[in-house]
Amino acid sequence: MYKSNDERLTDILIGEATMELILSGQAVSSRALKEILQRMAEQEQDEERHQALMRALNEVQQNLNTQSDQSRVALRDRNNTEHHFKGEAIPGDKRKH
């Protein structure tokens, strides 16, 4: 259940941005979602929707910050050399980012 209409509108706008990514055939990621939300915010004329888009951008940015902390992996090869990876994309992934 939503605490407020503002929270509900924020979720609706995140959903609209997500559907835009899906319908365009792009990979759905926090970074792609952030780009769509930024474009939507730049074009929005309604103040209430603009504020909700800014809240949505803040939520996505917080998610990106959390992901960057959690998606780092360190592996050692047979020479005991440590290699560091970030979980941003899968090598060979042909989808648009």
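The values are calculated or read from the model by the stated rules, or taken from the named source; none is laboratory data. From a predicted model like this one, the values you see are computed outputs, not experimental measurements. Every residue, glycine as well, gets a Cβ built from its backbone with ideal geometry; the counts of neighbours run over all protein chains shown. Just the protein is used for accessible areas: all its heavy atoms, side chains included, with ligands, DNA and RNA removed. Shrake-Rupley method; radii C 1.70, N 1.55, O 1.52, S 1.80 Å.
A Cβ-based charge dipole, computed about the Cα centre of the stretch 14-53 with Lys and Arg at +1 and Asp and Glu at -1, lands at about 280 debye.
A Cα-only calculation for the stretch 1-70 places Rg and Dmax at 12.1, 36 Å. Rolling a 1.4 angstrom probe over the protein heavy atoms with all chains in place gives the stretch 5-75 an accessible area of 63 Å² per residue. For E47, the accessible surface of its heavy atoms amounts to roughly 110 Å² (probe 1.4 Å, protein chains only, rounded to the nearest 10).
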